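The values are calculated or read from the model by the stated rules, or taken from the named source; none is laboratory data. Just so it is clear, the model here is predicted, and its values are computed rather than measured. Note that each Cβ is placed from the backbone with ideal geometry, even for glycine, and that neighbours are counted across all protein chains shown. Side chains included, ligands, DNA and RNA excluded: accessible areas come from the protein's heavy atoms. Shrake-Rupley method; radii C 1.70, N 1.55, O 1.52, S 1.80 Å.
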Amino acid sequence: DATLGIRPEHITVVSQATGKGLLTIEVVEMLGESTYVHGLTPANNRLTIGLRGFNDLRHADSVGYDFDLGNVHLFDSTGQVV
């Protein structure tokens, strides 16, 4: 077993057709200069996306997301970086 890890600020919102995955939004946290979008993937994995500034995303929206594979980290079952 392995866990994929990526920081929220390294994930971007893109069109559903071009992204690496799909996220159904549960909560949008608007914190001034930053917005955190929390949701579930179709496989019921939790994902948080960190965005700059204000956006018009809402609860229950479905969005595509993307990230650079260079920002991904893999962890083994003991939490050690692979």
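Quick check: with the 1.4 Å probe, what order do R46, R7, R58 take by accessible area, largest first? Please list the in-between numbers first.
Values: R46 170, R7 145, R58 120 Å².
Ranked from most to least accessible, the order is R46, R7, R58.
Please compute the length gained on full extension between T12 and Q80, using 0.36 nm multiplied by the number of residues separating them and subtracting their Cα-Cα distance. Can you show the working numbers first?
Numbers: separation 68, 0.36 × 68 = 24.48 nm, distance 2.60 nm.
Extra length available between T12 and Q80 comes to 21.9 nm.
With springs only between Cα atoms under 10 Å apart, run a GNM on the chain and tell me which of V13, V27, V72 wobbles the most.
The residue that fluctuates most here is V72.
So what J values fall out for segment 18-29 if you push phi through Karplus, 6.51 cos²θ - 1.76 cosθ + 1.60 with θ = phi - 60°, rounded to Hz, Gly and Pro as x?
Coupling constants for segment 18-29: 10, x, 7, x, 10, 10, 9, 6, 9, 9, 10, 9 Hz.
Using a Gaussian network for the chain with springs between C-alpha atoms less than 10 Å apart, which of these wobbles most: G64, G32, G50?
Greatest mean-square fluctuation among the candidates belongs to G32.
Where in segment 1-74 are there GluC sites (Glu not before Pro) that are in a DSSP coil and have at most 10 other Cβ atoms within 10 angstrom of their Cβ?
On the way: sites: E9, E26, E29, E33; in loops: E33.
Passing sites in segment 1-74 are E33.
Given H placed on each backbone N at 1.01 Å, which residues far from E26 in sequence or on other chains put an amide H within less than 5 Å of it?
The list, which skips near neighbours in sequence, is H38, G39, L40, A60.
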